[in-house]
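One structure is given here, and the rest of the page talks about it.
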Amino acid sequence: MRVAVFLGSSVGSRPEYAAAAAGLGKCLAEAGTGLVYGGASVGLMGVLADAALAAGGEVIGVIPEHVFSAELAHQGLTRLEVVASMHERKARMAELADAFAALPGGLGTLDELFEILTWRQIGLHAKPIVLVDVNGFWDRLAELVDALADEGFVAESSRGCLLRARDPGELLSLLRVR
């Protein structure tokens, strides 16, 4: 099994974000679950990859050429795939993954998360999608999705496909149940 994780290319403003990224990387590796992520060496992305590698895990990075050429690519991964665009990155990550998770991040994280949610809504996949909630980071997003459903813009079936975990252990428990 492999989990694609979407998360920030910066570390954010709270040390809990980096701790959660490190905890998730270690937890995935110890469970024998491969990691697929954006391939960068910086921010939460680098923290996640380094922790998974240190724990002996498989780590596959998928990075667009323009980011690779900016020398942000992680050089110590199990495998690094260079693709032409962000769209190709998301498609390749989806091919490689059996499930998706999101840690705190910015606009890129939201872009990846919403595209994968949209693909699920229109039936392109049925893989689980889990928000790893660090200090309630995803509360407002969950409220927004609920509001969109309440207003008739998101189907009830799609509202329920966005799962939430308090920590990496709960994420793995949710994935085992599915």
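For V3, the stated conditions do not hold, so it cannot be described as assigned to a helix (DSSP H, G or I) and either at pLDDT below 95 or touching a Gly at 6+ places or on another chain (Cβ under 8 Å) (or both).
When F114, F100 are checked against the criterion of being over 23 Å from G23 (Cα atoms) and either at pLDDT 95 or above or not aliphatic (A, V, I, L, M) (or both), a single residue qualifies: F114.
Among the residues of the range 151-166, is there at least one that is closer than 25 Å to L96 by Cα, small (G, A, S) and surrounded by 15 or more Cβ atoms within 10 Å (Cβ to Cβ)? Looking through the range 151-166, at least one residue is closer than 25 Å to L96 by Cα, small (G, A, S) and surrounded by 15 or more Cβ atoms within 10 Å (Cβ to Cβ). For the range 79-126, a tally of residues being part of a helix (DSSP H, G or I), within 21 Å of V47 (Cβ to Cβ), touching a residue at least 40 places away in the same chain (Cβ under 8 Å) and of a type outside the set (S, T, Y) returns 6. Checking the stated criteria, L172 turns out to be part of a helix (DSSP H, G or I), hydrophobic (A, V, I, L, M, F, W, C), crowded, with 20+ Cβ neighbours inside 10 Å and at pLDDT below 95. Residues that are in contact (Cβ under 8 Å) with a residue 40 or more places away in the chain and among the hydrophobic types (A, V, I, L, M, F, W, C) within the range 127-136 comprise V130, V132, V134, listed in sequence order. Among the residues of the range 120-131, count how many are among the hydrophobic types (A, V, I, L, M, F, W, C) and closer than 17 Å to F153 by Cβ. Final tally of qualifying residues: 1.
Table: residues versus (1) on the phi > 0 side of the Ramachandran plot; (2) part of a helix (DSSP H, G or I); (3) crowded, with 21+ Cβ neighbours inside 10 Å.
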residue: S13; (1), (2), (3): no, no, no
residue: A21; (1), (2), (3): no, yes, yes
residue: A52; (1), (2), (3): no, yes, yes
residue: G56; (1), (2), (3): yes, no, no
residue: V62; (1), (2), (3): no, no, yes
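The values are calculated or read from the model by the stated rules, or taken from the named source; none is laboratory data. In this text, all values refer to a predicted model and were calculated from it rather than measured experimentally. Glycine also receives a Cβ, built like all others from the backbone with ideal geometry; neighbour counts cover every protein chain displayed.
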